[in-house]
Amino acid sequence: MEWKKGNYSRVLFILFTMYIAALTWIILFKLTVPSNITILSRERILNPIPFYDILTDKYFNWFDVIANIIVFIPFGIYTALMLKDIPTRYKVMTAALLSILYEAMQFIFAIGVSDITDVMMNSLGAYIGIQIFSFISERLICELKTRRFVTICSALSAFPLCTVLSVVSVIKNIA
């Protein structure tokens, strides 16, 4: 019995939901366990100037910039797969809107710095993911093969990702 397109769609939806949950835990809750959530509270900070820390010669964390790009690459891949008939600019806008939502929630709940640089880097990450998906789908030609490939890659990466996030969370919350 061969899997049909619908089966891959269901599995991809589950994996996408897990990805969004992990993304929310990473961005909003900074890998903090619920018992430590109060340590995230601070004053509300809004930074509307891109790369403000570089411009003002303050400490700039390149890891955060690269991490913001990397965590949104899967979003671009999923978006390209699910919204295949929509132009790339609207797919990127979807990522930008999600990122703005996360930044707004950080500001509203005072759980992080709301930074336009994060929105820009998250959108870049999604764009890279969309381009990766385009490359894959051009090589595999058939939509079912592309869905199968993305599903298998997502499933194979889900377990190590969850393991790494769990270990980092434990280490972060012990320290």
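The values are calculated or read from the model by the stated rules, or taken from the named source; none is laboratory data. As the structure is a prediction and not an experimental result, all values here were calculated from the model. Heads up, the Cβs are rebuilt from the backbone with ideal geometry, glycines too, and the neighbour counts pull from every protein chain shown. Surface areas here come from the heavy atoms of the whole protein model, side chains and all, with no ligands, DNA or RNA. Shrake-Rupley method; radii C 1.70, N 1.55, O 1.52, S 1.80 Å.
Ligands, DNA and RNA left out, the 1.4 Å accessible surface of the chain is 73% carbon and sulfur atoms. Lysine pairs in the chain whose alpha-carbon atoms fall under 26 angstrom of each other, counting only those eight or more residues apart or on distinct chains, come to 12. Could you work out which residue, out of 150, 65, 164, moves most in a Gaussian network model of the chain, that is, has the largest mean-square fluctuation with Cα springs under 10 Å? Comparing 150, 65, 164 in a Gaussian network model of the chain, the most mobile one is 164.
Evaluated with a Cβ-only charge set (Lys, Arg +1; Asp, Glu -1), the chain carries a dipole of roughly 620 debye about its Cα centre, given to the nearest 20.
How much accessible area per residue does the chain have, in Å², with a 1.4 Å probe?
On the way: 10660 Å² over 175 residues.
On a per-residue basis, 61 Å².
In a fully extended conformation the segment linking residue 45 and residue 132 would gain 27.9 nm over its present Cα-Cα distance, using 0.36 nm per residue. Placing +1 on each Lys and Arg Cβ and -1 on each Asp and Glu Cβ, with no other charges, gives region 101-161 a dipole about its Cα centre of roughly 420 debye.
Straightening the chain between residue 145 and residue 82 buys 21.2 nm, computed as 0.36 nm per residue apart minus the Cα-Cα spacing. With contributions of -39500 (n - 2.57) from each DSSP H run of at least four residues, the per-residue ellipticity at 222 nm computed over the chain stands at -25000 deg cm²/dmol. For residue 165 and residue 66, the FRET efficiency from 1/(1 + (r/R0)^6), where r spans their Cβ atoms and R0 equals 22 Å, is about 0.85.
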